[in-house]
Amino acid sequence: MVATNVSKSYGAGEFTKQVVQNCSFTIESGKLTVMIGPSGCGKSTLIRLLAGFERASSGTITIGGKPVTGPGLDRMVVFQESALFPWMSTYDNIMFGPRARGEDTPEMRSFAELLLQKVGLDGFRRKYPSQLSGGMQRRAELARSMINKPDVMILDEPFRGLDAMTKRLMQEYYANLYEEFRRTTFFVTTDIDEAIYLADRILIMTNIPTQVRTVIDVDLPRPRHIEDITENDAANAIKMKALGLLHEEAMKSFAGGSKAAADFIDAYSRRMVKG
Amino acid sequence: MTETSPVQVLTTEVPRAIAVDSGAGASLALAKYRLSLWLKSPRPYLMLIGFAGFLGFWYLSVEVWKLPRFSQMPGPTEVLHEWFSKDPTYGLSIFIPEYYMHIWVSTRRIAIAFFLATVIGVPFGLFLGWSERFKQFVFPVFEFLRPVPPLAWVPLAIVMFRGSETPVIFLTFLASFYATALNTMLGVESIDVSYVRAANCLGATRWQVFRHVIVPGAMPFIFTGLQISVGVAWFSLVAGEMVSGQYGLGYVINTSYTMVRYPTIIIGMATLGLVGYVTSAAVRLVGDYLMQWRTRELALGGDR
Ligand SMILES: Nc1ncnc2c1ncn2[C@@H]1O[C@H](COP(=O)(O)OP(=O)(O)O)[C@@H](O)[C@H]1O
Ligand SMILES: [Mg+2]
């Protein structure tokens, strides 16, 4: 999947707000590309463009050489906010895609079984989303997307808002899933440790209007372990470099008086001191 | 690649079978569980105290203190005596077949009007919420007619419809229809776009989105609307029955007034309250049954 000189602005005339500017990047096939950038820089906006829910103001987005014109089964998006259907059980949520396409086949059902096991929801197939914990909901949502075997998986801050323990567990589940299926993935986060643990490539974004500032390749061997990453010198070097860049970008919006960015800097500088 | 790894074969029939039995069995168990919780909570006892207080106040103010403006009113002893008498002074009690005829006629009118208001109001409301264009045409007219109370429609209803039955049903239908349609529309509008996006993303057609996202997503609002709808149906029914008809609880109250049978008025009112309460409770039960996804209690324990 390739984005070339993509720009997106909202509003018109003097109210125009440029959110994405001249942004180009490639989501390489079979790899896990992580995008990281300060909050509010325009990551979710980029995702809506990749998903095909909104059109870019200029520039092109292609998948396998063909331009993206709307939502499609070749791309599955897991949104920042949970979008499991509250009125369907876990199992019915997961089978929604196949059933919508008239593919409620034995193969699909056994694939659903496999996924239920992989995401640890085997015993929760009949539960409704409101009866699952936040982490379980995210895993159900992952399974609901993966069953469609998309060419590209697009995940927008999927583990945001989970407590630290759950988040770590989710990262491990997710890394296992990725390592097993090796589906081309675009993963958006604001958490540098998460980025390094998961990524093959990291795109570091500039502040709003956003574009790619730097691309860092992460050559750590797989399977990875969270404990090893904190000890690993190469990982720490990547972390330092990335944090330096993110800090600079966040400072720009701090100068612009953004409260969110101020909090962001604060959080990261405290982490840097600790780490 | 690795997804072709040997899939552990499980009996694929399992989920279907489970999906079938989860409905009735689980909701019966849930009903029992709730009943036992309810009996253990202070609620039923507070309810009894509430009713006792209400009856006590009535008894004291009418029969003991004989407050100035209350002297004409029948007291609870007189009413209860009349209501449960084998040979009622004013001709209406639980032993008189005509009593059940009145209840039956009113209930049947409510059922017909409520049914019509639901089968017309729900699709109408869904469509109002679903299609911006349709709403632009119709909603202003709807909002213009809605504040006109059923009672104001009485003359036109009598002119427009033949017989005594249809005007009453029409009047009863009106307010129910507004409540149902409006709540359904708000229900559709309240649905988070992210559900529609998710369904689109998963390959659902426009019709599938409507069937599997819009309808269930609006369901909580629809049932709020239906509960309001049965309530207002009784309101307008009584208004209608006071004007036309030969049977029904509204008719009982009105004729008893002209014929100065005060205890019978109270019997009519109390019966209305009772039957109205039962119909609202029935609508709520159906709603709970259809929307089990909203009941978190079912999460107790694992499920295998
Ligand atoms: N539909 C929209 N209309 C106007 N501004 C928008 C819209 N969507 C996003 N924005 C603006 O774009 C900026 C980036 O938002 P978003 O893409 O959600 O950031 P991120 O996901 O990186 O936190 C925000 O400042 C927001 O105000
Ligand atoms: Mg975002």
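The values are calculated or read from the model by the stated rules, or taken from the named source; none is laboratory data. Keep in mind it's a predicted model, so treat the numbers as computed, not measured. Cβ coordinates were reconstructed from backbone atoms using ideal geometry, including for glycine residues, and neighbour counts include every protein chain displayed. Areas reflect the complete protein model, heavy atoms only, side chains present, ligands, DNA and RNA absent. Shrake-Rupley method; radii C 1.70, N 1.55, O 1.52, S 1.80 Å.
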Cβ charges +1 (Lys, Arg) and -1 (Asp, Glu), total dipole of the range B:97-293, debye: 260
Surface per residue (accessible, 1.4 Å probe) for chain A, Å²: 40
Relative counts (whole %) of C-alpha pair distances in the range B:97-293, using bins that are 5 Å wide: 1, 8, 14, 17, 16, 13, 11, 7, 5, 4, 2, 1, 0, 0
Cα Rg, Dmax, the range B:104-161, angstrom units: 14.3, 42
Inter-probe distance in nm under a simple model that places probes 7 Å from Cα toward Cβ, at B:Thr258 and A:Glu28: 9.2
Efficiency of FRET between A:Met165 and A:Thr230 - r from beta-carbon atoms, R0 22 angstrom, step 0.05: 0.85
Estimated 222 nm signal from helices in chain A, with DSSP H stretches of n ≥ 4 weighted -39500 (n - 2.57), rounded to 500: -13000 deg cm²/dmol
The range B:191-304: radius of gyration and largest Cα-Cα distance (Dmax), Å: 21.9, 69
Chain B: calculated mean residue ellipticity at 222 nm from DSSP helix runs of at least 4, using -39500 (n - 2.57): -24500 deg cm²/dmol
Over 28 Å between alpha carbons, listed pairs A:Lys118/B:Lys32; A:Lys8/A:Lys66; A:Lys17/A:Lys252; A:Lys8/A:Lys118; A:Lys17/A:Lys241: A:Lys118/B:Lys32; A:Lys8/A:Lys118; A:Lys17/A:Lys241
Cα centroid separation, the range B:170-189 to the range B:85-125 (Å): 21
Assigned charges on the beta-carbon of Lys, Arg, Asp, Glu; the protein assembly as shown dipole about Cα centre (debye): 580
Taking all pairs of distinct alpha-carbon atoms in chain A, Kirkwood radius in angstrom: 19.5
Accessible-area composition of the protein assembly as shown, carbon plus sulfur, in percent [1.4 Å probe]: 63
Protein heavy-atom accessible area occluded, B/A pair - total, 1.4 Å probe, Å²: 3900
Inter-chain shielding of A:124-135 (mean C-beta neighbours from other protein chains, 10 Å cut-off): 4
Share of pairwise Cα separations in the range A:10-155, more than 27 Å, in percent: 32
Antiparallel DSSP beta bridges within the protein assembly as shown, percent to nearest 5: 45
Built amide H within the under 5 Å cut-off of A:Val78, gap 5+: A:Ile154, A:Leu155, A:Asp156
A:Asp104-B:Glu98 FRET efficiency (beta carbon distance; Förster radius 56 Å; 0.05 resolution): 0.50
B:Leu35-B:Phe70 pseudo-label distance in nm [points 7 Å out on the Cα-to-Cβ vector]: 3.7
Mean separation of Cα contacts under 8 Å (6+ apart) over length of chain A, as relative contact order %: 25
Debye equation applied to the C-alpha atoms of the protein assembly as shown, log10 I(q)/I(0) at 0.09, 0.10 Å⁻¹: -0.86, -0.96
Gain on full stretching of the segment that runs from B:Asp192 to B:Met47 - 0.36 nm per residue minus C-alpha separation: 48.4 nm
Accessible area per residue in Å² at 1.4 Å probe, computed on chain B: 58
